[in-house]
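Q: Right, I'll just put the structure down here and ask away after.
Rule-based calculations on the coordinates, nothing more; no lab input. No experiment lies behind these values; they were computed from the predicted model shown. Heads up, the Cβs are rebuilt from the backbone with ideal geometry, glycines too, and the neighbour counts pull from every protein chain shown.
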């Protein structure tokens with residue numbers, strides 16, 4: 001499954017400031033549990049930090065850990081949201097996955113986390 005232990009944090013130097021961080025990853029992949037085919041997505045992660053920020057290289061490694069995981073698209077987005085929420089403890093976090101169409105069907109799940 002996911003590997004949240006890969007996620008590293010850095011101290012937020014502006015914890016009392018209300019600002020938003022948006023991260024986009026256009027190379028996210030996971031495997032369809034029914035067909036075994038690769039699902040491709042652009043992920044958008046938006047959060048308002050408290051005391052921690054996500055370290056980007058560790059996030060990239062964490063997201064890459066899904067590449068051989070058989071998981072539904074909706075479940076992958078929920079898992080990422082929960083994992084990030086539990087390590088970041090953000091004011092708010094939104095994870096959106098815009099998956100490429102397969103068979104003429106496109107899925108865009110969005111999950112939010114509030115501390």
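Q: With respect to residue 51, determine if the residue is touching a residue at least 24 places away in the same chain (Cβ under 8 Å) and either within 17 Å of residue 93 (Cβ to Cβ) or in contact with a helix residue (DSSP H, G or I) (Cβ under 8 Å, 6 or more places away or on another chain) (or both).
A: Judged against the criteria, residue 51 is a match.
Q: Taking region 89-111, which residues are farther than 21 Å from residue 26 by Cβ and free of Cβ contacts under 8 Å to residues at least 60 places away in the same chain?
A: Selection gives 89, 90, 92, 103, 104.
Q: Looking at residue 76 and the list (1) surrounded by fewer than 19 Cβ atoms within 10 Å (Cβ to Cβ); (2) in a helix (DSSP H, G or I); (3) in contact with a strand residue (DSSP E or B) (Cβ under 8 Å, 6 or more places away or on another chain); (4) touching a residue at least 40 places away in the same chain (Cβ under 8 Å), which single condition is not satisfied?
A: (1)
Q: What pairs come out if I take residues in region 23-41 that are under 21 Å from residue 84 (Cα atoms) and pair them with residues that are loosely packed, with under 11 Cβ neighbours inside 10 Å whose C-beta lies under 8 Å away, six or more apart or interchain?
A: From region 23-41, the pairs are 31/37; 31/68.
Q: Tally the residues that are surrounded by fewer than 11 Cβ atoms within 10 Å (Cβ to Cβ), touching a strand residue (DSSP E or B) at 6+ places or on another chain (Cβ under 8 Å) and within 19 Å of residue 115 (Cα to Cα), restricting the search to region 1-52.
A: 4
Q: I've got another one for you. Find the strands (runs of 3 or more DSSP E) located wholly in region 4-66 whose residues include 2 or more that are within 12 Å of the chain's Cα centre (by Cα), and list them.
A: 21-31, 38-48
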